[in-house]
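Read through the structure below, which is laid out as structure tokens, and then see the notes.
Please treat every number below as a calculation from the coordinates, not as lab data. All figures in this text were calculated on a predicted structure; none of them were measured in a lab. Because the Cβ atoms are built from the backbone with ideal geometry, glycine has one as well, and the counts that use them run over all protein chains shown.
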Amino acid sequence: MEPQEGLTGRPDNSGIIVDLGFRTILDLLPCYLSIQDRSLHIVFTNENFRKDFGEGIGNLCHMVYKGSSDICESCPVQKSFKDMKVHISEEDVELSSGKMAQLIVYSAPILDASGNVAAVIEMSTNITQVKEIQKELTFLGQSIAILSHDMKNILEGLQGGAYVVDEGIKDGDMELAGKGWDIVKRNIGEISTIAQNILYSSKKRDPKYQKVSPEEMVRDVVGLFEEKSSALGVKLKHRSNPALPVVNLDPTNIRRMLHNLVWNALEACKKDKEKHTHTVVVRSDFHDRFHFKFEVEDNGVGIDEDAQENIFKEFFSTKGSEGTGLGLLVVDKIVKAHGGWVEVLTAPGKGTTFRVILRIR
Amino acid sequence: MEDPVKIIIVDDNTDYLFTMSTFLKRNGYETLTAEEGQKGIDLIEKERPDLILLDVMMESTYTGLDVCKKVRTNPDLKDIPIIGISGMADELGVQVEKWGDEDYFKVDEFFDKPVDKEKLLPRIKELLEEGLIKKGKAVRIGGKLYPKK
């Protein structure tokens, strides 16, 4: 094909312009295209590339893509220079808009007349959305694994409780039957918590913002746990900064989020056999000028270092036989949907504070 | 009269401790319970049970694995049969045979929650018999167990 610039088309049989010139075709390609020399300097780019990464020509590939002076670990271009084959890699890059994106990158050698690699052509596609779907699927898989674990524990509780009820009735021992019945009821309560969490973790929905007072949220949730906390002998308190303004939140979601954190805090206290008195404090306060925070503090067992690393990353449950790892997963999801973040302060054996930071809006 | 057979249950779920010990008591066993690893170890050392039912995924300072290790590395306790129990066995791919790599992590049997009680009872009986043979308190002749004087 003759190199041509611009639209020099002529109508073909169907009347569609076919001859756009190779440069225009390259520019129109819905992907990023660049050609690089052996030192990874960019010598050619298409329009899509220039649009998202700037001019690029004359600059180092890794500088343009990642702002990094280091060559990417899995650089496919270098590989194509070396073995004259096509290579594929996935890279996290930064667009000139400042946004991060994930690319799938293909590289292929361009040979000169004597069959040596003169340059490498690189074509990449933005797969950020695909990756997000992949994450959702992983999330789903993890949720199901956690769920199956929870269900098994609940079944154990229901079967065991029902057995004790039966034995009590058989012997006319109503006290025993009553104990069994309490266990059955506790496990029914667990099912309802899990069912709600499944709902929250499976639905992808944007928060429905309403003007609410964070203090009211805290008071609502603390109220829900009065019975459970007194049954466990845990003091449950709430403290809110009265100066906090009314903010835009999705109250149903935030209530769910706080519910899960308080539930976890109570469980952490229940597991701790070292201290004599246990307290859970739920707070709302300013974080800085633009943000406010919810805090759920307990003096329970704390989270050990291994588990800390995994706590949100892998949606890890540390609760052993009583785990509802889904709880934190839902917290993470709700907070992220609100554009906030979670901080965890914990000391094994001493206690944990979960701090949820949200923008005041 | 012979001493009743003593089983120690170690699990951080107190409901489970109650239901399982009710079940075992009603099937003729004496049971003792501990809701935490360290307490479990202390109880085992003090009481020398005939069998241990151990939650391996327990989250306490001493986990189920620690308890198992303590028992298996103590010459006086190492032959006590241990039944490992967890709600995570399937998810983690935990199987009895996989536990053999490290001697002290070795349990004799593994049950997933919810525990199939119909299968648990005969297995407890078998393990108790094996325990007696190991201790030299009984011999098996022609499939039958005879106490050794």
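Some points to look at:
- Approximating the spin labels as points 7 Å out from Cα along Cα→Cβ, the A:LEU95-to-A:ALA231 distance works out to 5.1 nm.
- Three-way shape call for segment A:265-305 based on the alpha-carbon gyration tensor, with the a/c threshold at 1.5: prolate
- In Hz, Karplus ³J(HN,Hα) per residue of segment A:261-270 (6.51, -1.76, 1.60; θ = phi - 60°; x = Gly, Pro): 5, 5, 4, 4, 4, 5, 5, 5, 6, 4
- Relative contact order computed over chain A (Cα-Cα under 8 Å; 6+ residues apart), in percent: 10 percent
- Cα-based equivalent ellipsoid, segment A:31-126: semi-axes from gyration tensor eigenvalues, Å: 21, 13, 12
- Chain A: equivalent-ellipsoid semi-axes (sqrt of 5 x gyration tensor eigenvalues, Cα, Å): 57, 24, 20
- Extension gain, A:ASP288-A:LEU28: 0.36 nm per intervening residue step, less the Cα-Cα distance, totals 88.9 nm.
- Cross-link partners of B:LYS135 among aspartates and glutamates (Cα-Cα below 13 Å; sequence separation of 8 or more within a chain): B:ASP50, B:ASP76, B:ASP79
- Length gained when the stretch A:ILE360-A:ILE127 is fully extended (0.36 nm per residue, less Cα-Cα span): 80.6 nm
- With R₀ fixed at 51 Å, the C-beta to C-beta distance from A:SER192 to A:ILE110 puts the FRET efficiency at about 0.20.
- Between A:ASP182 and B:LYS125, the simple spin-label model (points 7 angstrom out along Cα→Cβ) gives 3.4 nm.
- Table column - 3J(HN,Hα) (Hz), segment A:33-42, Karplus curve with 6.51, -1.76, 1.60, x for Gly and Pro: 10, 8, 10, 10, 8, 4, 8, 6, 7, 7
- Cross-link check: pairs A:LYS228/B:LYS69; A:LYS270/B:LYS39; A:LYS135/A:LYS211; A:LYS273/B:LYS70; B:LYS25/B:LYS117; A:LYS66/A:LYS131 evaluated at a Cα-Cα cut-off of 25 Å; pairs beyond the cut-off: A:LYS228/B:LYS69; A:LYS135/A:LYS211.
- Which listed pairs, of A:LYS85/A:LYS333; A:LYS179/A:LYS271; A:LYS185/A:LYS237; A:LYS185/B:LYS6; A:LYS152/A:LYS235; A:LYS179/B:LYS46, have C-alpha distances above 32 Å, in listed order: A:LYS85/A:LYS333
- Pairwise FRET efficiency - A:TRP341 versus B:LYS135, Cβ, R0 = 51 Å, nearest 0.05: 0.30
- Taking amide H positions as modeled 1.01 Å from N, with prolines and chain starts lacking one, the residues under 5 Å from B:GLU36 and 5 or more places away or on another chain are B:ASP11.
- Note on segment A:82-203: the C-alpha convex hull projects to 12.8 nm² when averaged across all orientations.
- Once C-alpha pairs closer than 8 Å and six or more residues apart are averaged by separation and normalised to the residue number of segment A:155-294, the relative contact order reads 21 percent.
- Highest-first packing order for the peptide set A:174-181, B:49-56, A:126-133 is B:49-56, A:174-181, A:126-133, based on the mean count of other beta carbon atoms within 10 Å.
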